[in-house]
Amino acid sequence: MAALQKIASATARHTAKRTRRSVLPHWLTHLGGLGLFAVAIFDSSPIPLPLPGSTDLLLLLLVSHHGNPFLLAACAITGSAIGGYITWSAGKKGGEALLQRSVPKRFRARIEHWTDNHSMLSVMVPALLPPPIPLTPFLLAAGALGVSRRRFLVSYNAARLIRYSLVSWAAVTYGRKVVSWWTKNLAEWSGVIGWSFAGLMVAGVIYGIWQYRRQTYDASGKRTMPQEAQA
């Protein structure tokens, strides 16, 4: 009888372990640090992903599924640093013309005022706070309005270090509860959710590339060529 109880207990543990592993699609749980690094670049680039906080969500899930919290947090921080620097550089190169085309008019005046008067805080606060606080407009404004590279890198990277370290800590502390809740309520929909997330990422990247190229094309003045030819 004792032997049968041990076998039953071991079987239950094995089944629970398999259930935890199948909470997310196989490809999503095996993205690992490299996938997180790539998502973090896009998430902070001029081509942001359509799902705000994608890096935070993926970091939380990967650490909760027994990932190395230090390695994954480093991947998120490094990728975000690269993406953020690309956005700042795009703003610096495109200037205020790109800023006017990229940021809605109703927000632009406040963002410009905040950047002019609080250059480091205008970068650090949006980079530290979670969605729905927008990030890309502030990074573009920092480049377009002359925030120096050193000030930008210090404020932005410090904020990202704090943010993703906190997310990683939360995943270690509370991630198992999130996985348990997901298993009980959403496990059967994990495939649909995972592939929908992938579809949104691909669609967002394609749209972002098209939008960024169109804005750059407009800012260069090349679209005036048909009017000149007509004149």
May I ask you to list pairs of residues, at least six apart or on different chains, whose Cβ atoms are under 9 Å apart, with the first in region 95-124 being of a type in the set (K, R) and the second being assigned to a helix (DSSP H, G or I) and exposed (fewer than 13 other Cβ atoms within 10 Å of the Cβ)?
R101/R214
Name the one entry in V147, V123 that is surrounded by 22 or more Cβ atoms within 10 Å (Cβ to Cβ), in a helix (DSSP H, G or I), touching a helix residue (DSSP H, G or I) at 6+ places or on another chain (Cβ under 9 Å) and at pLDDT 90 or above.
V123
List the number of the failed condition for L161; all other conditions in (1) among the hydrophobic types (A, V, I, L, M, F, W, C); (2) at pLDDT 90 or above; (3) open to solvent by 30 Å² or more (accessible area, probe 1.4 Å); (4) part of a loop (DSSP other than H, G, I, E, B) hold.
(4)
Where residues in region 11-65 are under 19 Å from A170 (Cα atoms), part of a helix (DSSP H, G or I) and within 8 Å of the chain's Cα centre (by Cα), which of them is modelled with the highest pLDDT?
A40
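The values are calculated or read from the model by the stated rules, or taken from the named source; none is laboratory data. Just so it is clear, the structure is predicted and the values come from calculations on it, not from any experiment. A quick note on method: Cβ atoms are made from the backbone with ideal geometry, for glycine too, and the neighbour counts reach across all protein chains shown. Quick note on the areas: whole protein, heavy atoms, side chains included, nothing else; ligands and nucleic acids left out. Shrake-Rupley method; radii C 1.70, N 1.55, O 1.52, S 1.80 Å.
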